[in-house]
Amino acid sequence: MIYLTVPILVESSEQAVADISRAAELGAEMVELRIDYLCRYDGDVVRAVVGAAKKLGLAVLATCRANWEGGKFGQGEKSRAMMFKAAVRAGADYIDIELACRAEGEIKAAELAAEGDVRVILSSHDFEKRPADLAQRVAVMVERGADVAKVAYKAERICDCFDAIDIYRSESQAGRQAIALAMGEAGVMTRQLAKKLGGKLTFAALGEGLGSAAGQVTIEQMRSLYRWDAMGADTQVFGVIGDPVGHSLSPALHNAAFDATGYNGIYLPLLVEGTWEEFRNFMDGTRQRPWLGLRGLSVTIPHKENALRYVRENGGQLEPLAEKIGSVNTLLIDEAGKVSGFNTDYAGALGAVLDGAGLVKSDLKGMSAAIIGAGGVARALAAGLCDAGAEVTIYNRTVERAEKLAEDFGCKWAGVEGLANLEAKLIVNCTSLGMHPAVEGCAVPEGVLTKDMIVFDTVYNPVETRLLKLARSVGATVVDGVSMFVRQGAAQFEMFTGRPAPLEVMREIFDSRQ
């Protein structure tokens, strides 16, 4: 069995028993009782908390981490051994003992194992860096008779996760289960994928801010957001790659869509630092590990151009439209590791405009359209609207960028001062003006909007921007950025899975998280 484990920081009997009960209610399969948080020997409390967990049917891992390896216990090895013995005699299923445990000390795994029916986890932790000898440490643990080998280390970047992933793979191939965790935001995938990769357990916090190590998501997130209960060795992996990425709503949308359609997939936030080298190294690393099952990626700031470059340099298939737009927001990876690049911003934006305004594509022919901004989203809109035959003008603060974009798509351009005399039928804001937290920003001067206009703001946080409020106040037709966000995500989902996207479900998930 692979356990979803909640650490319980045992500071008193009453507090710990209450936390154990809460963990059981939330669906924990095991609790790690961090009895080192008592900071002193107290056999009565140890027996009480182990007994409480066993009574609720939970597996128990007892940890009394020494302060010399990041724990709270500093009374010495003899007292620590007494804590372990009390836990084993009370019925703990596993105990966690440091590989670096002092040879002259009182902690002897074999003696503790003889105290009851318990299995020994030998562990190694580094809270500062990724050690170079992780595989060797695991080999030593196995040689010393560990029932389970555990390594945990700080991940500075996402590529540091590959060592943990490789340990899961090698131990699984040897018929053993390991625990290999990269701590910190960059290492979260090692926690979320432990069940797929055949690990012994993964840790999830009881609640926000209650984790025992950096990077632990909550048990509610693991079960409801990251699909722990549905995960297996054959689960396909997807994610959003960007920097930053923790704010992204894409995991919630896609995982809910997997649930709604019964697709065996998991979608993760993947923090890849914003350089070409980090992007390339991550992509190379995942493609070199086909058993990881990474099949698709949503690509966001600042990696859309990196994704385009990667597909080109690796002989992949590149959608002509993505080539024309100059950015890729969707990557597909087949079982042979071949990578293909696409852009769904185009379809998402055009679909949002047509549905929001009650139009069909042919209605755009000859329509005057103003695009404000000259970034990646603006390029996608320009491609879509020009393809539909709209008469497009690009407005941008840096006029050189507006001129370049207009030249690429054969349309007109102007500086933002031209917005004061705006007479377009369709107005599209592709800038960040009005985005949270600077919600008072507005891309269009007051007084230029009329009731005959269609106003589309690609900003989706907040849903109703100041621009949309102004447009609504004069009776204009408004289209919010959520429509584009959900539609481009739906297009990605269909590319990932080959199944129709549950649009209503995805929109409901977005609305519920605002």
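Points to keep in mind about this one:
- Test: residue in the range 439-450 that is without any contact (Cβ under 8 Å) to a residue 60 or more places away in the chain, under 19 Å from Leu364 (Cα atoms) and not in a loop (DSSP other than H, G, I, E, B): no
- Considering residues of the range 395-405 that are touching a strand residue (DSSP E or B) at 6+ places or on another chain (Cβ under 9 Å) and farther than 22 Å from Met453 by Cα only, the residue surrounded by the fewest Cβ atoms within 10 Å (Cβ to Cβ): Thr398
- The range 334-350: number of residues that are surrounded by fewer than 21 Cβ atoms within 10 Å (Cβ to Cβ), of a type outside the set (A, V, I, L, M, F, W, C) and in contact with a helix residue (DSSP H, G or I) (Cβ under 6 Å, 6 or more places away or on another chain): 1
- Checking each residue in the range 189-224 for being part of a loop (DSSP other than H, G, I, E, B), open to solvent by 10 Å² or more (accessible area, probe 1.4 Å) and small (Gly, Ala, Ser) picks out Gly198, Gly207, Gly209, Gly211, Ser212, Ala213, Ala214, Gly215.
- Test: residue in the range 173-181 that is at negative phi, surrounded by fewer than 23 Cβ atoms within 10 Å (Cβ to Cβ) and in a helix (DSSP H, G or I): yes
- Any chance Ala420 is in contact with a Pro (Cβ under 6 Å, 6 or more places away or on another chain) and of a type outside the set (S, T, N, Q): yes
- When the range 79-116 is filtered for residues that are over 36 Å from the mean Cα position of the chain (by Cα), open to solvent by 50 Å² or more (accessible area, probe 1.4 Å) and at pLDDT below 90, the ones remaining, listed by number, are Arg102, Ala103, Glu104, Glu106, Lys108, Ala110, Glu111, Ala114, Glu115.
- Extreme residue, surrounded by the fewest Cβ atoms within 10 Å (Cβ to Cβ), among residues of the range 476-503 that are under 18 Å from Leu350 (Cα atoms) and charged (D, E, K, R): Glu494
- Residue tally, condition surrounded by fewer than 22 Cβ atoms within 10 Å (Cβ to Cβ) and in a helix (DSSP H, G or I), over the range 49-78: 8
- Meets criteria (assigned to a strand (DSSP E or B), within 25 Å of Ala490 (Cα to Cα) and in contact with a strand residue (DSSP E or B) (Cβ under 8 Å, 6 or more places away or on another chain)) for Ile371: yes
- Candidate set: the range 451-475, residues that are surrounded by fewer than 20 Cβ atoms within 10 Å (Cβ to Cβ) and free of Cβ contacts under 8 Å to residues at least 24 places away in the same chain; chosen: the one farthest from the chain's Cα centre (by Cα): Ser473
The values are calculated or read from the model by the stated rules, or taken from the named source; none is laboratory data. A quick note: this is a predicted structure, and the numbers were derived from the prediction, not measured. Methodologically, a virtual Cβ is constructed for each residue, glycine included, from the backbone with ideal geometry; neighbour enumeration extends over all protein chains shown. For the accessible areas, the whole protein counts, side chains as well, though only heavy atoms, and no ligand, DNA or RNA atoms are used. Shrake-Rupley method; radii C 1.70, N 1.55, O 1.52, S 1.80 Å.
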